[in-house]
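> Have a look at this one.
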Amino acid sequence: MSVKQTDQSGKIISSEYAGCILDALGKHPYIFIFLICIILNPFYLGQITNAPQNSLIFSVFLLSALIVSLIVRAGVCGIFDKKESAVLSAVSVIIIFLLSALYTKSQYKGLWIIASGSFFLCVFCWLLKNKINKQKVYSLMIIGLSFIQKFHYVLYTTIYERQHDAGSFDGGSGHAGYIGYLLSNHMLPDFDVRDVWQFSHPPLHHTISALWIGLSEKIFGISPEAAQESIQTLTLFYAMAIIITSYRILRYFRVNGAALYIPLAVIAFHPSFTMFSGSINNDVLSVAFMTGAVYCTLRWYDDQSMKNIIKIAICTGLGMMTKLSAALCAPPIAIVFLVIFIKKFRTDAKKLTGQFISFAAVCVPLGLWFEIKNYIAYGIPITYVNKLDKNIMQYIGDQSYISRITDFSAASFNSVFEQWLSADENGIQYGYNEHNPLIALLKNSIFGEYINENALCNNVLIIYVCRILFWTAVILAAFALISMIIMCFRKCRMKSLLKVFFISFYTIMIANFYKMAADYPFTCTLNFRYITPTVITGALFTGLLIQTLTDTKARSLKAVVISLSVLTVLFAAASVLVFTVVVYPEPDH
């Protein structure tokens, strides 16, 4: 269909143009989401309070131009005549200026951003949608709404709120201190990194962040405080890269309809990735590379080329250069390598051997050079982990490991928030430390360490929503685990070797987590951020089960899809509501 014919049919965006836009987004999604983050950065610099004074008027003129251009385009397509187009354009501009006046007086400007962003996203998707591309458009809407939620979270989350091991930029320790050290000294630590808290981590994330701050200050003249806050533009991009790669993994297995939308929505609105978007430590970038390594392994499985195996090596190596625990994806990848090598030994042994040597030549130096340097210079073990003092209140080693992992008492579920032992002003202790790894995972995967009744100002309604969010998450997680077990033994769109790949990836992460719980008996160790890729694995198998039921036209399909759809909508809506409310200060402050 030609553009002219499409215009005459009354479509503002022709099917041809819509296809081109979606194809471009599909081929270069990381570039597009990075450009969006970069374009938005000057308007907020990591915090709503850093927004330049002229950002509002610039946004108003930009939105006005966009809407007027759409109305003019509608006129060209014959939807409006010239007079109607002129009137609608004038009215639209007036409404935008009136709304901007209300926006400036609003106490909760972020809600306006969520509403306007969601509105324009829905309009954009509506303009693109047709019978052929509706699945792509619906997926785009899910990912886009997820971005709006995460952007709002970043807007109202400072680099010192709900962070893990951040420290401060001028404090000399923690992840922020590490970034500050690299920024000030323009060199890696030339001392025993065990002497400074969190400096033992490999430096990729911290180096990128230091370069970002340096460019912001030196080139663009941004104040140090605003430049530091704007690191969250990077972490927002990393979090969205995880969502995009997850979508690609789902589509690799050709799941369609509900089998795509349900797992994608669970991943897109999962609180762990929302919290990642505002966290300035190295977790989110390492998970982004791990997810990338998984996807690249799928591509190599289809096409054992040097290009594809180098992509795996780069993702794995850079993940380890960000955080050494990214090496957890290496054993499952090695299983795929080994099985393919055995299967194709007679025909492709030489080619595959060369690829494996190249993989090691790229991955090992990238992933381990920092640890090897520290081992040679200071005798620091390759797998060194910062140790905590047993005298701190969160120590749980006074209980046996067996008693901790088997304690599922009902009292543990009196609150859906993770529990920490505390002390009042007189030093009298109250509460308890979360000690069961599984219960701790379920709680902090949704609320982290810092969201609880106090953080929500004891708002009864929101706490009730938190309970809904928690229990829907538990049910969805249980269903994902059941799906994994069923799909292990049932024929589906995932080949047997790839089942082994994903199950081993999941099992290794869980096993490593329980080993950490034994070796480092502290409540902070029982944190879901160490195994966030399990969300993607579980969601994938949920989609595969739904797709299998669809393919076999099982009678249970309708009930399963309806139930999961309701749970997923509740989960996503509750997640958005909780993480919208939690970022606002108390009403009387």
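The values are calculated or read from the model by the stated rules, or taken from the named source; none is laboratory data. Keep in mind that this is a model prediction, so the values were computed, not measured. Quick reminder, even Gly has a Cβ in these numbers, built from the backbone with ideal geometry, and neighbours come from all protein chains shown. Ligands, DNA and RNA are excluded from the accessible area calculation, which covers all protein heavy atoms including side chains. Shrake-Rupley method; radii C 1.70, N 1.55, O 1.52, S 1.80 Å.
> Going by what's in this entry, would K307 be described as at pLDDT 95 or above and more than 27 Å from T507 (Cα to Cα)?
Taking the combined requirement at face value, the residue satisfies it.
> Check the stretch 232-246 and report whether any residue there is open to solvent by less than 10 Å² (accessible area, probe 1.4 Å) and not in a helix (DSSP H, G or I).
no
> So, one more: On the basis of being open to solvent by less than 70 Å² (accessible area, probe 1.4 Å), free of Cβ contacts under 8 Å to residues at least 40 places away in the same chain, more than 28 Å from the chain's Cα centre (by Cα) and over 30 Å from F191 (Cα atoms), does D407 make the cut?
Yes; evaluated as a whole, the condition is true for this residue.
> While we're on this one: Taking F273 as the residue in question, decide whether it is part of a helix (DSSP H, G or I), in contact with a Lys or Arg (Cβ under 9 Å, 6 or more places away or on another chain) and either touching a residue at least 60 places away in the same chain (Cβ under 8 Å) or crowded, with 17+ Cβ neighbours inside 10 Å (or both).
yes
> Quick check on this structure: which one of G354, G397, G379 is touching a residue at least 60 places away in the same chain (Cβ under 8 Å), more than 20 Å from V294 (Cα to Cα) and exposed (fewer than 15 other Cβ atoms within 10 Å of the Cβ)?
After applying the criteria, what remains is G397.
> Output the number of residues of the stretch 285-329 satisfying the condition of being surrounded by fewer than 22 Cβ atoms within 10 Å (Cβ to Cβ) and among the aromatic types (F, W, Y).
2
> Among the helices (runs of 4 or more DSSP H) lying completely within the stretch 22-110, list those that include at least 2 residues that are exposed (fewer than 13 other Cβ atoms within 10 Å of the Cβ) and either small (G, A, S) or at pLDDT below 85 (or both).
55-76, 82-105
> Next question, about the same structure. Restricting to the stretch 140-156, name every residue that is at pLDDT 95 or above and of a type in the set (S, T, Y).
Matches in the stretch 140-156: S146, Y153.
> Would you mind finding the one in L549, L564 that is under 23 Å from the mean Cα position of the chain (by Cα) and either surrounded by fewer than 17 Cβ atoms within 10 Å (Cβ to Cβ) or of a type outside the set (F, W, Y) (or both)?
None of the others qualify; the one that does is L564.
> Sticking with this one: Name the residue that is farthest from A241 (Cα to Cα), counting only residues in the stretch 44-59 that are in contact (Cβ under 8 Å) with a residue 12 or more places away in the chain and touching a Leu at 6+ places or on another chain (Cβ under 9 Å).
Of everything passing the filter in the stretch 44-59, I48 is farthest from A241 (Cα to Cα).
> Let me ask something additional. Among the residues of the stretch 362-375, is there at least one that is exposed (fewer than 12 other Cβ atoms within 10 Å of the Cβ), in contact (Cβ under 8 Å) with a residue 40 or more places away in the chain and either charged (D, E, K, R) or part of a helix (DSSP H, G or I) (or both)?
Taking every residue of the stretch 362-375 in turn, none turns out to be exposed (fewer than 12 other Cβ atoms within 10 Å of the Cβ), in contact (Cβ under 8 Å) with a residue 40 or more places away in the chain and either charged (D, E, K, R) or part of a helix (DSSP H, G or I) (or both).
> Hey, another quick one. Would you be able to tell me the number of residues in the stretch 129-167 that are open to solvent by less than 30 Å² (accessible area, probe 1.4 Å) and part of a loop (DSSP other than H, G, I, E, B)?
7
> Which fully enclosed helices (runs of 4 or more DSSP H) of the stretch 452-557 have 3 or more residues being of a type in the set (S, T, Y) and in contact (Cβ under 8 Å) with a residue 60 or more places away in the chain?
Counting at least 3 such residues, we get 533-551.
> Is the stretch 515-522 home to any residue that is surrounded by fewer than 21 Cβ atoms within 10 Å (Cβ to Cβ) and in contact with a helix residue (DSSP H, G or I) (Cβ under 8 Å, 6 or more places away or on another chain)?
Yes, some residue in the stretch 515-522 is surrounded by fewer than 21 Cβ atoms within 10 Å (Cβ to Cβ) and in contact with a helix residue (DSSP H, G or I) (Cβ under 8 Å, 6 or more places away or on another chain).
> Let me ask you something else. Which of (1) within 28 Å of the chain's Cα centre (by Cα); (2) farther than 19 Å from P521 by Cα; (3) of a type in the set (G, A, S) is the odd one out, the single condition A361 does not satisfy?
It fails just one condition, (1).
> So, in the stretch 189-225, exactly how many residues are within 17 Å of D170 (Cβ to Cβ), open to solvent by 60 Å² or more (accessible area, probe 1.4 Å) and assigned to a loop (DSSP other than H, G, I, E, B)?
Residues meeting the conditions: 1.
> Still on this model: I'd like to know if the stretch 86-104 contains one or more residues that are in contact (Cβ under 8 Å) with a residue 12 or more places away in the chain, in contact with a helix residue (DSSP H, G or I) (Cβ under 6 Å, 6 or more places away or on another chain) and aromatic (F, W, Y).
Within the stretch 86-104, one or more residues are in contact (Cβ under 8 Å) with a residue 12 or more places away in the chain, in contact with a helix residue (DSSP H, G or I) (Cβ under 6 Å, 6 or more places away or on another chain) and aromatic (F, W, Y).
> OK, next. With the structure loaded, tell me whether N256 is open to solvent by 10 Å² or more (accessible area, probe 1.4 Å), touching a helix residue (DSSP H, G or I) at 6+ places or on another chain (Cβ under 7 Å), outside any helix (DSSP H, G or I) and touching a residue at least 24 places away in the same chain (Cβ under 8 Å) or whether it fails that test. Before the answer, list the steps.
Working: open to solvent by 10 Å² or more (accessible area, probe 1.4 Å): yes; touching a helix residue (DSSP H, G or I) at 6+ places or on another chain (Cβ under 7 Å): yes; outside any helix (DSSP H, G or I): yes; touching a residue at least 24 places away in the same chain (Cβ under 8 Å): yes.
Yes; evaluated as a whole, the condition is true for this residue.
> Something else: When the stretch 547-580 is examined, which residues are found to be out of contact with any helix residue (DSSP H, G or I) (no Cβ under 6 Å at 6 or more places or on another chain) and among the small types (G, A, S)?
A554, S556, A559, S563, S565, A573
> Further question: Just wondering, is there one or more residues in the stretch 428-437 that are assigned to a helix (DSSP H, G or I), polar (S, T, N, Q) and in contact with a helix residue (DSSP H, G or I) (Cβ under 6 Å, 6 or more places away or on another chain)?
No, the stretch 428-437 contains no residue that is assigned to a helix (DSSP H, G or I), polar (S, T, N, Q) and in contact with a helix residue (DSSP H, G or I) (Cβ under 6 Å, 6 or more places away or on another chain).
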